[in-house]
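Trainee: Here you go, one structure.
The values are calculated or read from the model by the stated rules, or taken from the named source; none is laboratory data. Keep in mind that this is a model prediction, so the values were computed, not measured. We place every Cβ from the backbone using ideal geometry, glycine too, and count neighbours over all the protein chains shown. These area figures cover heavy atoms from the full protein model, side chains too; ligands, DNA and RNA do not enter into them. Shrake-Rupley method; radii C 1.70, N 1.55, O 1.52, S 1.80 Å.
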Amino acid sequence: QVQVVESGGGLVQAGGSLRLSCAASGSIFDINAMGWYRQAPGKQRELVAGITSGGSTNYADSVKGRFTISRDNAKNTVYLQMNSLKPEDTAAYYCKADVLTNDGSYYRGYWGQGTQVTVSS
């Protein structure tokens, strides 16, 4: 099986920074894309940033210039550096990894349980 675990959330004042980490472990043969999503109360889950195994990235317009996604393929880990945080960034942040398992024949998405980010004004 595959486990995806996020860490690094917390409470921060507006204008501050946080760094989220997400590690995938288990029966992993290969990981394709990894990404960060967020879901605020009463809203749908949305993509924040994604990164391919080759390092290509994409961002939601609302976070461009403030957030940076990166990954360490050797550690099956993805990071999200969040700067200039705003109250509207408050949400539960989830990591997703598209994984090919050792006994699998196709990539499928595995989700972490989420980490809360709260930005106070």
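Trainee: Just to check I understand the Karplus step: with θ = phi - 60° and J = 6.51 cos²θ - 1.76 cosθ + 1.60, what whole-Hz values come out for the stretch 100-106, glycine and proline as x?
Mentor: Per residue, the Karplus-derived 3J(HN,Hα) values read 9, 7, 4, 10, x, 10, 8 Hz.
Trainee: Could I ask something else about it? If I compute solvent accessible area with a 1.4 Å probe over the protein chains, what percent of it on the chain is carbon and sulfur?
Mentor: Values: 2880 of 6400 Å².
Its accessible area is 45 percent carbon and sulfur atoms.
Trainee: Checking the cross-link filter: which aspartates and glutamates have an alpha carbon closer than 18 Å to that of residue 64, excluding same-chain neighbours under 8 positions apart?
Mentor: Within reach: 46, 88, 89.
Trainee: Additional query: Can you list the lysines whose alpha carbon is less than 18 Å from that of residue 43, not counting same-chain residues fewer than 8 positions off?
Mentor: 86
Trainee: Which value, in Å², gives the accessible area per residue of the stretch 1-96 when a 1.4 Å probe is used on the protein heavy atoms? Mind showing how you got there, number by number?
Mentor: On the way: 4850 Å² over 96 residues.
So the stretch 1-96 comes to 51 Å² accessible per residue, rounded to a whole number.
Trainee: Then there's this: How are the alpha carbon pair distances in the stretch 1-111 distributed across 10 Å bins from zero to the largest one, expressed in percent?
Mentor: 14, 47, 29, 9, 1
Trainee: According to a simple spin-label model (label point 7 Å from Cα along Cα-to-Cβ), what is the distance in nm between residue 120 and residue 17?
Mentor: Output for this residue pair reads 2.1 nm.
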